[in-house]
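For reference, the structure discussed in these notes is given below.
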Amino acid sequence: MHPMDRTLQQSLPTVMAPRFGKLAPLETNGERLIAATNGMFLEARRPWIRIVRRIAEFRVATAIPYGAVAETTDLLCGRIPPDLIGAFAKLAAHSMRMKWEHGSSGTATAHSLAWPR
């Protein structure tokens, strides 16, 4: 294999979804592609979240020896407290109102959300 291709494959590996067993989730931060009988999936892991999302489907019924994959979202830092979500929504709404009142033409604002585990 060409060294450049090896480097590319190491940066975003592709694995087959097992038909009979279970695919272990990513244990470290990063991404990988998962080839499955029901499409191609992207799995990504960060310190606070692990997600699996379908990024492509087969248009033609294709008999491949892979298992199926389901989209998932795992919050690795625990459930976000509902009152914190409410406070965050109020802060975002207030920020947008302030932008409009002061004549800002932009429609974007940024905030972060942090909570203990």
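Filtered by the rule that a residue be surrounded by 15 or more Cβ atoms within 10 Å (Cβ to Cβ) and within 23 Å of ALA114 (Cα to Cα), the range 31-47 gives a lone residue, ARG45. Pairs are defined by a Cβ separation below 6 Å, a sequence spacing of at least 6 or placement on different chains, a first member in the range 55-77 that is without any contact (Cβ under 8 Å) to a residue 60 or more places away in the chain and in a loop (DSSP other than H, G, I, E, B), and a second member that is of a type in the set (Lys, Arg) and surrounded by fewer than 10 Cβ atoms within 10 Å (Cβ to Cβ); the pairs so defined are CYS77/ARG117. Considering only the range 76-96, state which residues are among the hydrophobic types (A, V, I, L, M, F, W, C), at pLDDT below 85 and closer than 30 Å to PRO25 by Cβ. If the condition is that a residue be among the hydrophobic types (A, V, I, L, M, F, W, C), at pLDDT below 85 and closer than 30 Å to PRO25 by Cβ, then CYS77, ILE80 are the ones that fit. Does any residue of the range 9-29 turn out to be within 23 Å of SER112 (Cβ to Cβ), of a type outside the set (Gly, Ala, Ser) and either surrounded by 12 or more Cβ atoms within 10 Å (Cβ to Cβ) or in contact (Cβ under 8 Å) with a residue 12 or more places away in the chain (or both)? For the range 9-29, residues within 23 Å of SER112 (Cβ to Cβ), of a type outside the set (Gly, Ala, Ser) and either surrounded by 12 or more Cβ atoms within 10 Å (Cβ to Cβ) or in contact (Cβ under 8 Å) with a residue 12 or more places away in the chain (or both): present. Quick one: would you say ILE34 is touching a Gly at 6+ places or on another chain (Cβ under 9 Å) and modelled with pLDDT of 95 or more? Answer is no for this residue.
The values are calculated or read from the model by the stated rules, or taken from the named source; none is laboratory data. Bear in mind the structure is a predicted one, so any value in this text is a computation, not a measurement. Every residue, glycine as well, gets a Cβ built from its backbone with ideal geometry; the counts of neighbours run over all protein chains shown.
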